[in-house]
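Heads up, the thing below is written out as structure tokens.
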Amino acid sequence: MTTLHTAAPAVILVVNAGSSSVKVSVYAVPEAAHGNADINPMLSAHGQIEGIGVAPRLRASMADGRVVADESFPQAQVADHDAAFRLVRLVLSVGLRDHPPVAIGHRVVHGGASYAQAVCIDDAVLEHLEALVPLAPLHQPQNLTAIRAVRQAMPELLQVACFDTAFHAGHDVLAQLMALPYAYFERGIRRYGFHGLSYEYIARRLRQVAPDLAEGRVVVAHLGNGASLCALRDGRSVDSTMGLTALDGLPMGTRCGALDPGALLWLAQQGMSAAEIQAMLYQESGLKGLSGVSSDMRALLASEAPRARLAVDFYAYRAAQEIGKLATTLGGLDALVFTAGIGANSPPVRARICEHLAGLFGITLDAGANGNNSQRISRDDSRVPVLVLPTDEEGMIALSTARILRDSGRL
Ligand code: AMP
């Protein structure tokens, strides 16, 4: 008997470094996919540290749900992202011993105007990404710390940057402009859009579950701690509610969303420094700032406080308004898709948003399907179908990284 397949699956690590957490996922690219157009990385393990520098907690599990680590650490032991990454890597290395990774794919929030797709990281790329830190002060530094930590520990390993901005790179100039003096546009002060890894995944998924809708005019609502909308035409992004930074558009857990820029002038004139304003806009605004209760949608929905109710009402009102705006860009609406923590799991928030859309778009929800987070939650007589599709940003990073490996002959 001959052995048909001897090669082991290629292992790809996916690193998603957030403001107080580091998540590392291990993907195996099945051998049969090597060299084929059809790549399907499979999740095999996941580890994460949350509460870095405050109350660090490490959890790691295999894809089948088997928990391999669940431990809290003293604050000093995991004081920064460097230490956190080393720890997650250590835990996962037990499972990786026989299959060292061939590449690491990193989530990088801001790619600026230069990157329309994922890219292999070298010194020049790193320098370029460093220059974008002021445009994503809460995320980009952590993303770059993780890249440097890997460079130091495993200098030979191929690292790939997968950007939240890249999926939006084809936007028309009208979707990119802000009406400042034009010289600023040329200097890169333009609307980029974010959550692109999520939207790219949803565009692919929609093609699988509803190919007819995927060809049309679709608004995707990524409603998580961060929140934005994307207008898709035939699976391509044509506009987004986020702009130069991840502050624009919808109100979020702690971020403000769109503001009258005059409000910022007023704050500065009151004597607030740029750093103080930045901290307020990114960390003290949105649902948290309005409600005074929490940034967490579950807590607000459970709260009796009038301002918790006000914050949720405003959230739904603004989301509906912006959906209307993107439908104008698209010249109509063939489907609405909800995703991310709130979008995929919160029937009352979806119901409130859709109530605002009933008059304009004839949207009606099936209360039972909405309550169950079913894939299609609109009634048959709804003029626009409404879907719920969980997102998978890490799976998208694994796929983008695998494609780079394949296209460069490494798979
Ligand atoms: P994400 O950033 O995608 O992880 O989303 C986090 C947000 O999703 C938080 O505001 C959570 O409160 C919210 N969320 C998660 N599950 C639910 C749920 N079952 N109902 C309402 N909100 C939820």
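Where a number appears in this text, it was derived from the coordinates with a stated rule and is not lab data. Quick caveat, the model's predicted, so the values are computed rather than measured. Neighbour counts are summed over all protein chains in view; Cβ atoms, including those assigned to glycine, are modelled from backbone coordinates with ideal geometry.
Normalised by the number of residues in the chain, what is the relative contact order in percent for Cα pairs under 8 Å and 6+ residues apart?
Details: 845 pairs, mean separation 56.5, N = 411.
It comes to 14 percent, rounded to a whole number.
A79 to R307: extension gain in nm, 0.36 nm per residue of separation minus the Cα-Cα distance? Please report the intermediate quantities before stating the final value.
Numbers: separation 228, 0.36 × 228 = 82.08 nm, distance 3.51 nm.
Here the answer is 78.6 nm.
Quick one: what are the phi-derived ³J(HN,Hα) couplings along the range 353-361, Karplus 6.51/-1.76/1.60 with θ = phi - 60°, whole Hz, x for glycine and proline?
4, 5, 4, 5, 9, 4, x, 6, 10
Treating only the Cβ atoms of Lys and Arg (+1) and Asp and Glu (-1) as charged, compute the dipole magnitude of the range 73-219 about its Cα centre; round to the nearest 20 debye. Please list the in-between numbers first.
On the way: 13 positive and 14 negative charges, 66 e Å.
Computed about the Cα centre, the dipole is about 320 debye.
Among M42, M154, M280, which one moves the most in a GNM of the chain with springs linking Cα atoms closer than 10 Å?
Largest GNM mean-square fluctuation: M154.
Which whole-Hz couplings ³J(HN,Hα) result when phi for each residue of the range 174-187 is put into the Karplus expression 6.51 cos²θ - 1.76 cosθ + 1.60, θ = phi - 60°, listed in order with x for Gly and Pro?
5, 7, 9, 6, 10, 7, 9, x, 4, 4, 5, 4, 5, 8
Taking the Cα centre of the chain as origin and charging only Cβ (+1 Lys, Arg; -1 Asp, Glu), how large is the dipole, in debye to the nearest 20? Walk me through the numbers before you get to the answer.
Values: 34 positive and 39 negative charges, 62 e Å.
About 300 debye.
Extending each Cα 7 Å along its Cβ direction at A299 and V68, get the distance between those two points in nm, one decimal.
3.3
With θ taken as phi - 60° and the coefficients 6.51, -1.76 and 1.60, list the Karplus ³J(HN,Hα) couplings across the range 279-285 in order, rounded to whole Hz; mark glycine and proline as x.
Karplus values, whole Hz, x for Gly and Pro: 4, 5, 5, 8, 10, 10, 10.
What relative contact order, as a whole-number percentage, does the range 191-329 give when Cα pairs under 8 Å and 6 or more residues apart are counted? Don't skip to the end; give the middle numbers.
Values: 226 pairs, mean separation 27.8, N = 139.
Taking the mean separation of contacting Cα pairs over the length of the range 191-329, I get 20 percent.
Assigning unit charges at the beta carbon (Lys, Arg +1; Asp, Glu -1) and nothing else, what dipole magnitude in debye, to the nearest 20, does the range 137-227 show about its Cα centre? Please list the in-between numbers first.
Details: 9 positive and 7 negative charges, 31 e Å.
In debye, rounded to 20, the range 137-227 gives about 160.
Please give the length that would be gained between Y184 and A113 if that part of the chain were fully extended, namely 0.36 nm times their separation in residues minus their C-alpha to C-alpha distance (nm, one decimal).
Numbers: separation 71, 0.36 × 71 = 25.56 nm, distance 1.31 nm.
Here the answer is 24.2 nm.
Mind checking which of T241, G362, S61 is farthest towards the positive end of the chain's charge dipole, using Cβ charges of +1 (Lys, Arg) and -1 (Asp, Glu) about the Cα centre?
Value: G362.
Can you tell which of A153, L129, T165 lies farthest toward the positive end of the dipole of the range 99-183, using +1 and -1 charges on the Cβ of basic and acidic side chains (Lys, Arg; Asp, Glu)?
A153
Using only C-alpha positions, report the orientation-averaged shadow area of the convex hull of the chain, nm², one decimal.
Numbers: hull surface 92.4 nm².
That works out to 23.1 nm².
What does the highest-first list of 143-153, 374-384, 16-26, 62-72 look like by mean Cβ count within 10 Å?
16-26, 143-153, 374-384, 62-72
Using helices alone, I'd like the mean residue ellipticity at 222 nm for the chain: each DSSP H run of four-plus residues gives -39500 (n - 2.57), total over residue count, nearest 500. Mind dumping the intermediate values first?
Working: 16 runs with 162 residues, N = 411.
When only DSSP H runs of four or more count, the value is -11500 deg cm²/dmol.
Measuring from label point to label point, each 7 Å out along Cα→Cβ, what is the S374 to A274 span in nm?
Going from the S374 label point to the A274 one covers 5.2 nm.
Give me, ordered by chain and number, the residues 5 or more places off T364 or on other chains with an amide H under 5 Å from its own placed amide H.
R379, S382, R383, V384
Taking H as built 1.01 Å from N, whose amide H comes closer than 5 Å to the amide H of R191, not counting residues under 5 places away?
Distant-sequence amide H within range of R191: L177, M178.
Taking Cα centroids, how far is the range 378-400 from the range 173-208 in Å?
Answer, in whole Å: 20.
Which cross-chain or sequence-distant (5 or more) residues have an amide H under 5 Å from the amide H of H110, H modelled 1.01 Å from N in plane?
Amide H neighbours of H110, under 5 Å, 5+ apart: D164.
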